[in-house]
Each structure stands twice: as C-alpha cells, then as structure tokens.
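A quick write-up on the structure given underneath.
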Amino acid sequence: MNRRVLPGILDAIGHTHLVELGGLLPHFSSRVFAKLEAFNPGGSVKDRSALGMLIGRIRNGELIPGRSTVVESSSGNLAIGIAQICRYYGIDFICVVDPKTTPQNLAILRAYQVTVEMITQVDPETGAYLPMRLKRVRELVAATPGAYWPNQYANPLNPRAHQQTMREIVEALDGKVDYLLASTGTGGTMTGCAQYIRDHGLSTTLVGVDALGSVLFGGVSGPRLLPGHGAAIRPALFDPTLADEVVITSDLECVVGCRTLTRREAILAGGSSGAVVAALGKLADRVPPGSNVAMIFPDRGDRYLDTIYSDDWVRAHFGEVSHLWKEPEHTVAVEAC
Ligand code: PMP
C-alpha cells in the first residue's frame, strides 16, 4: 500500500494498478492482467498524454500562467486531462468539442473552468466533425496571443508518454509480458508501448484493438456509437505496422465485453476496455498456455452509464441481447456477437 504524500494532484498521474483478472476467462490457461488507467486522477489513460505534451513547456517557461492559452480538439478524456493540468497551473484552456461530447464531459470541463467551443457542422466531404474541429483549432490558435496547440494527433510527446505505461506493466510482471492488448484512437498508447517493446528488445506480441468503422488499420470509415477509440482519419503519427496483430471490435462487442467484465470481475470500465476484453475473447484460442496477457483499460465506466450500462440504450441499439453476458461461459458470450 502506497502511503506517500504527493506534492500535488499531477503527481498522481501514472503508476496505475495492474490487476489480475482470474475469473474473466475461466478455462484459459494463461494469466490475464488489466492496467486500470481509470486510477489516473482525470480518470483515464489520457492524463499521461496531456502531462507528456504540456509539462516540458510549462517547466521551461514557454507556457505561462495568465498569459498562455492551450487550444485543443478533444471531446473526452484528453480534454479532461488537459483541463486538470491547465487548472493546476492557472493556464487558460479552450477546448473545441462537437455535439457528440456527452453532457457529463461538458459539465466536467466547465467545472475545471475550461472555455468550451462547440462545433455544430460536419465536414461536407467526410461527414465527420473532426476536420471542422481541427479547422476551428487552427483559427483559434491564429487569433489568440500566446496560444499553444498540443495536437495529440501529431505530437510525438503523446506516444512517448506511454512508454512509461508499458514500463510499468513490464516491471510489474518481472519482464514477462507475452501479449499486450491496446485500443487505438490517436494511436499514442499503442505507439508508446511499441517503442518501449522495441527499445528493450522484448518479445511481446502487440495487439492493436480498433473499432469497426475506424480507418486506422485500413478499414472503411463508418458509424461508431462509442467514443474514445477508433478514428475517422488516420493521424500523422499512426503506424499500423507497429501492431503484430489487429483485432476489430463492433460496438455490440464492446458492450458485451464491458458487461461481462463487470459481471465477472466487478470492474466498471469504459467502452474501449470492453473492446480489449472482446479482443481477448477472439484471440484466446491462439495464446500459448502459460502466457502473461496484459490489457490496457483506458477509462472508467461511470462516463458510460447512459450508454453501455443503460439497458434502454442497449435495447434501442441492439435489441434484446442481455443473454450475451448472462451466459455462464464468458468465452461463448464474447464470441457470440
Ligand atoms: N479509449 C478511450 C476511452 C480513449 O479516450 C482513448 C483516447 N481517445 C483511447 C482509447 C485511445 O487512446 P490513444 O489515443 O492513445 O490511441
């Protein structure tokens, strides 16, 4: 038990718990672990990216309280991570969001006194909000003195922050990480883990877990219900060849993964955690016995109570599917959809 006094809230970022999931796949002959990024103070893996992209500039005086403004496009976890850091240092933050941002996330941003800019038009070419959000970010940066755009999609400090995520997993498992499952949005998490694996000569099989309807691994852009993972545009820093294997999961599989996780492990996690659980279900037969399998769970389920954990929402989108996670055999449940 860690009884240290931390100098401030930002020191609570990282060193999240790695928890063994002994009951997730009952007949699996390998050990399964989950890195619970919900334990970051902002509630997600993106606290690490936010800190990684900002702290150097704050320390070297490029970002100055009362004079600088951070501008970023994010509708969720990164926005909350940046909001927390900007509030801590007294730096203004303008966050460009779109109507898909949940009311809860907007409320959190307002609580951190973030200036929220809502984009309401989709890009006529792609039908997505993202290009319009990025256009607005560029306008704001040009118009705001002392503005800085971290640009999570192209900033190498985003993936670099996740080398530490992998380091923590490797150290906790005494160097034996046979599989690592990471979901992808900007690709920062997966890329940083891949860099650590390469730099330390590890034999870990890196599994990228992407959303159906995302273009990251060459898929066709399509509708996605759950925020966080998947992307309509492949970011500049994203290299699909870093993944040794790729598993694509549907929204329904994310829901089944999340509900199964809560049922079997009492962990209330977000949609992309459900995605990696579903991916493990698809992969399990091919994992050699005795392996250590680590998964990164990017955020908590509290932010999905109106969607993944709402029976009405699930029924409205997928019909009566609760048998998929109420089955006694979890592996059957995850693979059935
Ligand atoms: N899951 C959730 C819930 C997220 O918010 C994100 C970040 N958008 C991801 C997964 C993907 O992380 P990354 O951007 O590092 O690829």
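Only the coordinates and a few stated rules stand behind these numbers; no lab work does. This structure is a prediction, so every number in the text was calculated from the model and none was measured. Methodologically, a virtual Cβ is constructed for each residue, glycine included, from the backbone with ideal geometry; neighbour enumeration extends over all protein chains shown.
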query: Using θ = phi - 60° and the Karplus form 6.51 cos²θ - 1.76 cosθ + 1.60, what ³J(HN,Hα) does each residue of the stretch 188-195 get, whole Hz, x for Gly and Pro?
result: x, 4, 4, 5, x, 5, 4, 4
Segment residue 323-residue 173, length gained on full extension (0.36 nm per residue, minus Cα span): 50.5 nm
Average Cα contact separation per residue, the chain, under 8 Å, 6 or more apart, as relative contact order %: 18
- prompt: Between residue 96 and residues 5 or more places away or on another chain, which pairs have amide H atoms under 5 Å apart, with H built 1.01 Å from N, and which residues are they?
  reply: 72, 73, 74, 117
field: Computed E for residue 125/residue 29 - FRET, C-beta separation, R0 51 angstrom, nearest 0.05
entry: 0.55
task: Treat each spin label as a single point 7 Å out from the Cα along the C-beta direction, and report the residue 220 to residue 302 distance in nm.
output: 4.0
statement: Among 76, 201, 271, the residue with the largest mean-square fluctuation in a Gaussian network model of the chain built from Cα contacts under 10 Å is 201
query: If one computes the Cα centroid of the stretch 86-127 and of the stretch 180-253, what distance in Å separates the two points?
result: 24
field: Pair residue 311, residue 20: separation of 7 Å Cα→Cβ label points (nm)
entry: 3.5
- request: Using R₀ = 22 Å, calculate the FRET efficiency as 1/(1 + (r/R₀)^6) where r is the Cβ-Cβ separation of residue 115 and residue 62; round to 0.05.
  value: 0.60
query: For the chain, what is the mean residue ellipticity at 222 nm derived from helices alone (per DSSP H run of n ≥ 4: -39500 (n - 2.57); sum divided by total residues; nearest 500 deg cm²/dmol)?
result: -11000 deg cm²/dmol
- prompt: So what are the ³J(HN,Hα) numbers for the stretch 307-320, from phi and the Karplus equation (6.51, -1.76, 1.60; θ = phi - 60°), rounded to whole Hz, Gly and Pro as x?
  reply: 10, 3, 9, 9, 4, 5, 4, 4, 4, 5, 9, 10, x, 7
message: Could you give each residue of the stretch 218-224 its phi-based ³J(HN,Hα) in whole Hz, using Karplus coefficients 6.51, -1.76, 1.60 with θ = phi - 60°, and x for Gly or Pro?
response: x, x, 8, 4, x, x, 9
message: Please list, ordered by chain and number, the residues whose modelled amide H lies under 5 Å from the amide H of residue 300; skip anything fewer than 5 residues away on the same chain.
response: 270
query: What FRET efficiency comes out for the pair residue 11/residue 239, r = Cβ-Cβ distance, R0 = 25 Å, nearest 0.05?
result: 0.20
